[in-house]
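**Student:** Starting off with a structure, shown below.
The values are calculated or read from the model by the stated rules, or taken from the named source; none is laboratory data. Just so you know, these numbers come straight off a predicted model, no measurement behind them. Using ideal geometry, Cβ is built from the backbone for each residue, glycine included, and neighbour counts are taken over all protein chains shown. The accessibility values were calculated without ligands, DNA or RNA, using every heavy atom of the protein model including side chains. Shrake-Rupley method; radii C 1.70, N 1.55, O 1.52, S 1.80 Å.
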Amino acid sequence: TDLPISAFKGAVLNTSDIAKGYMVGLTALGKYSSKIVVPHKITVEGSVDIDSTTSALYPRDNRWDYVIGFNGKVIFVEVHSANTGEVDVVLRKLDWLKSWLTSKAPDLAKLRAEAPYYWVQSKSFQILKHSPQYRRAASRGILPVAKVTLNPG
């Protein structure tokens, strides 16, 4: 008998933009999977590289990188350089993601974790704490972090 598919995989398969992008575990993140910490008792249900899967559909857009399903919820992870000049790019990617979730991926949107959006710095953190860019990112609730720990709660 087939195992029932997870809510995450079902939502991905129901989202035509990314239906072909589902991957087991954190494999969609490739070398960046090490930036995701999976504590004991967390079940990773899969991941999708949103950026590469949707690049042909939205070639000129600032697309978000990844979605990860775990314990019946999803988070969205953008791996991007954390310097002052890139803040506005990441905020445009966040706007794109929120719009895309509403218009193209409502099943995924329903599974959002309490804190669903993460900017993971690809290298070191280089945003001046007193800069307008830092304040803009903070006001949107998305500041770069070195790693994301999946929260079972």
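**Student:** Sort out for me the Cα centre separation of region 127-146 from region 96-121, rounded to whole Å.
**Tutor:** 20 Å
**Student:** How far is helix 87-103 tilted off the main Cα axis of the chain, in degrees rounded to 10, range 0 to 90?
**Tutor:** 30 degrees
**Student:** Nearest-5 percent of antiparallel DSSP beta bridges in region 43-128?
**Tutor:** Numbers: 10 of 18 bridges.
Looking only at bridges with both residues in region 43-128, the antiparallel portion is about 55 percent.
**Student:** Work out the charge dipole of the chain with +1 on the Cβ of Lys and Arg and -1 on the Cβ of Asp and Glu about the Cα centre, then indicate which of 25, 80, 141 is farthest towards its positive end.
**Tutor:** 141
**Student:** Compute the convex hull volume of the Cα atoms of region 1-67, divide it by the residue count, and report the result per residue in Å³ as a whole number.
**Tutor:** Details: hull volume 6.8 nm³, N = 67.
Enclosed volume per residue, from the Cα hull, is 102 Å³.
**Student:** Over the chain, what percent of the accessible surface lies on carbon and sulfur atoms, probe 1.4 Å? Show your work: numbers first, answer last.
**Tutor:** Numbers: 4300 of 8110 Å².
The computed percentage sits at 53.
**Student:** Can I ask one more? Provide the gained length on full extension for the span residue 130 to residue 102, in nm with one decimal, where the gain is 0.36 nm per separating residue minus the Cα-Cα distance.
**Tutor:** Details: separation 28, 0.36 × 28 = 10.08 nm, distance 3.30 nm.
Contour length minus Cα-Cα distance gives 6.8 nm.
**Student:** Also, I was wondering about something else. Note down the Stokes-Einstein diffusion coefficient of the chain in µm²/s, whole number, using a Kirkwood radius over alpha carbon pairs, 4 °C, and 1.567 mPa s.
**Tutor:** Working: Rh = 15.8 Å.
Answer from the Stokes-Einstein relation: 82 µm²/s.
**Student:** Please tell me the relative contact order of region 12-145 in percent, rounded to the nearest whole number, where contacts are Cα pairs under 8 Å and at least six residues apart.
**Tutor:** Details: 217 pairs, mean separation 29.6, N = 134.
Once normalised by length, the contact order is 22 percent.
**Student:** Something else: How much accessible area per residue does region 89-153 have, counting only protein heavy atoms and a probe of 1.4 Å, in square angstrom?
**Tutor:** Details: 3750 Å² over 65 residues.
Normalised by residue count, the accessible surface of region 89-153 is 58 Å².
**Student:** Calculate for the chain the 222 nm mean residue ellipticity that helices alone would give, adding -39,500 (n - 2.57) per DSSP H run of length 4 or more and normalising by residue count, nearest 500 deg cm²/dmol. Spell out each step's value before the answer.
**Tutor:** Details: 5 runs with 41 residues, N = 153.
It comes out at -7500 deg cm²/dmol, rounded to the nearest 500.
**Student:** Among the aspartates and glutamates, which fall within straight-line cross-link reach of residue 35, defined as a Cα-Cα distance under 16 Å, with same-chain neighbours fewer than 8 residues apart omitted?
**Tutor:** Cross-link targets: 49, 65, 78.
**Student:** Taking the chain as a Gaussian network, where each spring joins two C-alpha atoms under 10 Å apart, which residue of 131, 55, 33 fluctuates the most?
**Tutor:** Looking only at 131, 55, 33, the largest GNM fluctuation is found for 131.
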